[in-house]
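Below: one structure, written as structure tokens.
The values are calculated or read from the model by the stated rules, or taken from the named source; none is laboratory data. Remember, it's a predicted structure, so these values are computed and weren't measured experimentally. No Cβ is skipped: glycine too gets one built from the backbone with ideal geometry, and neighbour counts run over all protein chains shown.
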Amino acid sequence: MPLKLEAKNLNFFYGNEQVLFNNNLPVEEKKITAVIGPSGCGKSTFLRVCNRIFELYRNQRAEGELLLDGVNVLLPEVDVLELRRNVGMIFQKPTPFPMSVFDNVAYPLKLHFKLSRRETFDRVEQALRGASLWDEVKDKLKTSGLALSGGQQQRLCIARAIAAEPEVLLMDEPTSALDPLATSKIEELMVELKKRFTIMVVTHNMQQAARISDATAFFYKGVIVEHGTTTKIFTNPANRKTEEYITGRFG
Amino acid sequence: MQKKKLFWRKLANHIFRFFSLLAVLLATTAMLVIVTHVIRAGSKALSLNFFLNPSKPYGMPDSGIANALLGSIMITLGAALLATPPAICAGICLSEFRDRPKITAALRFSANVMMGMPSVLVGLFVYTLIVVPSGHFSGLAGSVALAIIMFPVVMRTTEDMLDMVPYALREASLAIGMTRTHTTLRIVCRSARKGLITGILLALARVSGETAPLLFTALFADSWPKDYFSGPTPNMPVLITEYSTNSPFAAMHQAGWGAALVITVLVLTLNIGTRIMFREKRHAT
């Protein structure tokens, strides 16, 4: 199986405090990798290294290697804007921009590609279809993205992310702010999306990880305790901590 | 013993509540007394001529406030044009460069100093800086003085409004490959635009009644405000001051009250209108 992403001896610091310790994690292409672990164990931090969004904060720093198609993206010469076009991110709370549904999706297109109006429209439609949102919004493309329901807003953000045609999608607890119905829609969508994208998802929901992911990584106190196929991690974990966590004994 | 303690605590509670209510009553009564008095004394002066005619020298009939009203509008709008762009930029700097504490601390400190500065000092400062070297009073000098007073107010509201934009939105914008400048201007400021406009309008309402700085800069003239750049420019606050303190004529006292009523109504309308128009509508999330 080809590797899309690979962390090698990845360390991460908030100021002087180290929060990720020698993380090694291979992420396979066009699979869903679930990142699980108790709160504060570094799951989100790991995701935030993958698109270098942590660089927004001056005192945060990553060391080691994070390979995307074999290239270490943590090197300063890697163009961070290009990296972020390649590695999209979905946040816990939906983050539609204060503009129309159409413009929300057209925004990254205008940013990264030179397209005619016709092409832009087609790509927006494609992205909205890809996020299973088109049928619900095709008649209100001009209304504000903020007027949609929470689940719709989250799918709008997914549409916005995939419009830039990334290769990797990072999802940081994408369903934890949504009701069960909206959650199952997003989960179905993720399974559909993995045909085209490599997905890493942070989740606190064990069932969700078991339902949709192909591989799972268990983080504990900044260390990747165990990683492997989801079936293996959930049925026959090698580490006691992993077993205790997935069976709900702590976390 | 227990009961006695409770009695004192309840009594203290009542006393405190009494004084709180008294304070509220005092504040609102003061406001009401001022407004009703201005309305009563000022309404007698109002007539069509009062609004259409320019002011005239002491003792002449059919004097009005049209020139002062126009001059005031020019001076305050000029102040807004001068103050707003740098104040918004400074506000953005305060909010978006949070990780550079030295720059923001210096900026915030100087803004606080400026906000506490008596407006008469600002007038004097602009007098020595612009009026004396140029050799004449001018509406523009008035605008500069008012702009100096507006600047820190707009800057701080800009900062507050931008702070209210969730950090996740900035991250979301950066995460699709936008630059920081793009993110700030297109996403953050856009999210906060209602608040930004409100801040500017409220600052405008706040300075439109300032008198002291205009005494040193725009001064006054019984003519139309055609010398905005080069000569004394009529305006409402100085007209009110002149008419009510420097004139022996009862008719002018009355005109002063009339002008006070007009400016009160204008400022209140601007203030209340802004608050109603730009009240945040909550979107369901």
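Total residues in the stretch B:151-203 satisfying the condition of being under 17 Å from the mean Cα position of the chain (by Cα) and among the polar types (S, T, N, Q): the figure is 3.
Looking at this structure, is A:Leu81 within 12 Å of another protein chain (Cβ to nearest Cβ) and either in a helix (DSSP H, G or I) or charged (D, E, K, R) (or both)? When the stated conditions are applied, A:Leu81 passes them. Of the helices (runs of 4 or more DSSP H) lying entirely inside the stretch B:166-285, those containing at least 2 residues that are free of Cβ contacts under 8 Å to residues at least 24 places away in the same chain are B:167-175, B:236-245, B:250-277. Every listed requirement among (1) in contact with a helix residue (DSSP H, G or I) (Cβ under 7 Å, 6 or more places away or on another chain); (2) under 17 Å from B:Ile65 (Cβ atoms) is met by B:Asn246 save one, (1). Output the residues belonging to the stretch B:51-73 that are in a helix (DSSP H, G or I), surrounded by fewer than 20 Cβ atoms within 10 Å (Cβ to Cβ) and in contact with a helix residue (DSSP H, G or I) (Cβ under 7 Å, 6 or more places away or on another chain). Scanning the stretch B:51-73 gives B:Phe51, B:Leu52, B:Ala66.
Kindly evaluate A:Pro26 against the criterion of being within 23 Å of B:His182 (Cβ to Cβ) and either more than 11 Å from chain B (Cβ to nearest Cβ) or touching a helix residue (DSSP H, G or I) at 6+ places or on another chain (Cβ under 9 Å) (or both). No. Take the conditions (1) closer than 23 Å to B:Leu169 by Cα; (2) of a type in the set (A, V, I, L, M); (3) within 14 Å of chain B (Cβ to nearest Cβ); A:Val73 misses just one of them, which is (1).
Residue count for the stretch A:84-118 satisfying the condition of being more than 19 Å from the chain's Cα centre (by Cα), within 10 Å of chain B (Cβ to nearest Cβ) and not in a helix (DSSP H, G or I): 2. Does B:Arg190 satisfy the condition of being charged (D, E, K, R), under 19 Å from B:Asp99 (Cβ atoms) and either at the interface with another protein chain (Cβ under 9 Å from one of its Cβ atoms) or surrounded by fewer than 22 Cβ atoms within 10 Å (Cβ to Cβ) (or both)? Here the answer is no, as B:Arg190 does not meet what is asked. Collect the residues in the stretch A:46-77 that are hydrophobic (A, V, I, L, M, F, W, C), under 22 Å from A:Glu28 (Cβ atoms) and not in a strand (DSSP E or B), keeping them in residue-number order. Within the stretch A:46-77, A:Phe46, A:Leu47, A:Val49, A:Cys50, A:Val73, A:Leu74 qualify. The lone criterion from (1) within 14 Å of the chain's Cα centre (by Cα); (2) at pLDDT below 95 left unmet by B:Ala147 is number (2).
Given the structure, is A:Ile186 buried (at least 17 other Cβ atoms within 10 Å of the Cβ), assigned to a helix (DSSP H, G or I) and within 14 Å of chain B (Cβ to nearest Cβ)? Criteria not met by A:Ile186. Pull up the stretch A:1-45, narrow it to residues that are in a helix (DSSP H, G or I) and of a type outside the set (D, E, K, R), then point me to the one that is farthest from the chain's Cα centre (by Cα). Once the filter is applied, the top-ranked residue is A:Thr45.
Report whether or not B:Ala105 is surrounded by 13 or more Cβ atoms within 10 Å (Cβ to Cβ) and among the small types (Gly, Ala, Ser). Judged against the criteria, B:Ala105 is not a match. Within the set A:Ser100, A:Ser116, the sole residue that is of a type in the set (Gly, Ala, Ser) and surrounded by fewer than 17 Cβ atoms within 10 Å (Cβ to Cβ) turns out to be A:Ser116. Exactly one residue out of A:Glu167, A:Glu192, A:Glu173 is away from chain B (no Cβ under 14 Å) and among the acidic types (Asp, Glu): that is A:Glu192.
Looking at this structure, is B:Ala141 away from every other protein chain (no Cβ under 14 Å), crowded, with 17+ Cβ neighbours inside 10 Å and out of contact with any Gly (no Cβ under 8 Å at 6 or more places or on another chain)? Taking the combined requirement at face value, the residue satisfies it. Looking only at the stretch A:201-251, residues that are loosely packed, with under 14 Cβ neighbours inside 10 Å and either on the phi < 0 side of the Ramachandran plot or under 20 Å from the mean Cα position of the chain (by Cα) (or both) come to 10 in all. Restricting attention to the stretch A:4-21, the residues that are surrounded by 15 or more Cβ atoms within 10 Å (Cβ to Cβ) and closer than 17 Å to A:His227 by Cα total 6.
Checked against the criteria, B:Thr104 does not count as hydroxyl-bearing (Ser, Thr, Tyr), touching a helix residue (DSSP H, G or I) at 6+ places or on another chain (Cβ under 6 Å) and within 15 Å of B:Ala203 (Cα to Cα).
Going by the structure shown, is A:Thr175 farther than 29 Å from A:Val124 by Cβ and not hydrophobic (A, V, I, L, M, F, W, C)? The answer is no for A:Thr175.
Among the residues of the stretch A:134-148, are any away from chain B (no Cβ under 14 Å), buried (at least 17 other Cβ atoms within 10 Å of the Cβ), of a type in the set (A, V, I, L, M) and not in a helix (DSSP H, G or I)? Within the stretch A:134-148, one or more residues are away from chain B (no Cβ under 14 Å), buried (at least 17 other Cβ atoms within 10 Å of the Cβ), of a type in the set (A, V, I, L, M) and not in a helix (DSSP H, G or I). Among the residues of the stretch B:38-50, those identified as of a type outside the set (A, V, I, L, M) and either surrounded by 16 or more Cβ atoms within 10 Å (Cβ to Cβ) or not in a helix (DSSP H, G or I) (or both) are B:Gly42, B:Lys44, B:Ser47, B:Phe50.
In this structure, is B:Arg108 in a helix (DSSP H, G or I), touching a Gly at 6+ places or on another chain (Cβ under 9 Å) and closer than 30 Å to B:Leu169 by Cβ? No: the conditions fail for B:Arg108.
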